[in-house]
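The values are calculated or read from the model by the stated rules, or taken from the named source; none is laboratory data. Here the structure is a predicted model, which means the values were calculated and not measured. Neighbour counts run over all protein chains shown; Cβ positions are idealised from the backbone, glycine included. Heavy atoms of the whole protein, side chains included, go into the accessibility calculation; ligands, DNA and RNA do not. Shrake-Rupley method; radii C 1.70, N 1.55, O 1.52, S 1.80 Å.
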Number of protein chains: 2
Amino acid sequence: MSVAFAEARAAAARGEVPVGAVLLGPDGTILARAGNRTEELRDPSAHAEMLVMRAAVQARDGARLSDCALYVTLEPCPMCAAAAVHFRVGRILFGAYDPKGGGVEHGPRLFARRDCLHRPETIGGLREREAATMLRGFFRDRRDG
Amino acid sequence: MSVAFAEARAAAARGEVPVGAVLLGPDGTILARAGNRTEELRDPSAHAEMLVMRAAVQARDGARLSDCALYVTLEPCPMCAAAAVHFRVGRILFGAYDPKGGGVEHGPRLFARRDCLHRPETIGGLREREAATMLRGFFRDRRDG
């Protein structure tokens, strides 16, 4: 999770929404790490989670991620949560809960649906205070925006 | 929609799930066109809709797609529907309904949720019989698989 936080801080330094993610293989090695790059890449889908899932599958020659763990500093949005189903991510561990934009424990709660085709194991609230503090500025701006 | 069908047929010829998409600008010009490339790119998120949304925003120097129309031969899945919110797609017109994998008129029905931050106008069932016929082989394989 420290790597995900480092990626979030690096994203903030680039002027991005401060979210970071890392994808670990079954032996705990880092398959991919990334921060949010929506501004830099001019790609609204370039969330940290999407970037590490895509990179990790590339690193594994196309193999899905059912034996892998995705760490991310913020609760994944519905797009990333639904993508995690396509990528068959085994476990998702996230930091801050996102009542407005989250798709795992909030909003459509995609993995809790009966029609969900693959359910990653999820653990939320890891180093939550630290994650929430880092994101507070962003959430305040979004709330006021 | 004919362009989307052509892209779907091209995808089938490449051994991909036969789904095609095209993104039209406000004046009706084609901003991007693509077929599904999940196998070729070894990227489970490389759905036709994701590819054209990303390419269209690039073509517009980062501008969102609120004045644009996305045509796709199959009802978008939850990942693509949620991405369309991030990309602020104005209209989505799709062919076949997808009761098992769709996220617009089926499953989480993301745009119908009160917490949805942007609602593309949607029209389903365009050239539905043709779209369904083309996809039937895939659906049959998936059902038997």
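A few points about this structure:
- Test for A:GLY90: is it under 19 Å from B:PRO76 (Cβ atoms) and either surrounded by 23 or more Cβ atoms within 10 Å (Cβ to Cβ) or not aromatic (Phe, Trp, Tyr) (or both): no
- Of the set (1) away from every other protein chain (no Cβ under 12 Å); (2) assigned to a helix (DSSP H, G or I); (3) not small (Gly, Ala, Ser), all apply to B:PHE111 but (1).
- Matching option when the condition is assigned to a loop (DSSP other than H, G, I, E, B), charged (D, E, K, R) and closer than 17 Å to A:ALA82 by Cβ, among B:ASP61, B:ASP43: B:ASP43
- Yes/no for A:GLY95 being open to solvent by less than 10 Å² (accessible area, probe 1.4 Å), more than 8 Å from chain B (Cβ to nearest Cβ) and assigned to a strand (DSSP E or B): yes
- The range B:39-53 - residue that is of a type in the set (D, E, K, R) and touching a residue at least 12 places away in the same chain (Cβ under 8 Å) and, of those, surrounded by the most Cβ atoms within 10 Å (Cβ to Cβ): B:GLU49
- Residue count for the range B:99-108, restricted to those that are more than 10 Å from every other protein chain (Cβ to nearest Cβ) and surrounded by fewer than 23 Cβ atoms within 10 Å (Cβ to Cβ): 1
- The range A:54-63 - residue that is surrounded by fewer than 24 Cβ atoms within 10 Å (Cβ to Cβ) and either away from every other protein chain (no Cβ under 12 Å) or not basic (Lys, Arg) (or both) and, of those, farthest from the chain's Cα centre (by Cα): A:ASP61
- In the range A:15-38, the residues that are buried (at least 16 other Cβ atoms within 10 Å of the Cβ) and part of a strand (DSSP E or B): A:GLY20, A:ALA21, A:VAL22, A:LEU23, A:LEU24, A:LEU31, A:ALA32, A:ARG33, A:ALA34, A:GLY35
- In the range B:64-87, of all residues being facing chain A (nearest Cβ under 8 Å) and part of a loop (DSSP other than H, G, I, E, B), the one that is nearest to the chain's Cα centre (by Cα) corresponds to B:CYS77.
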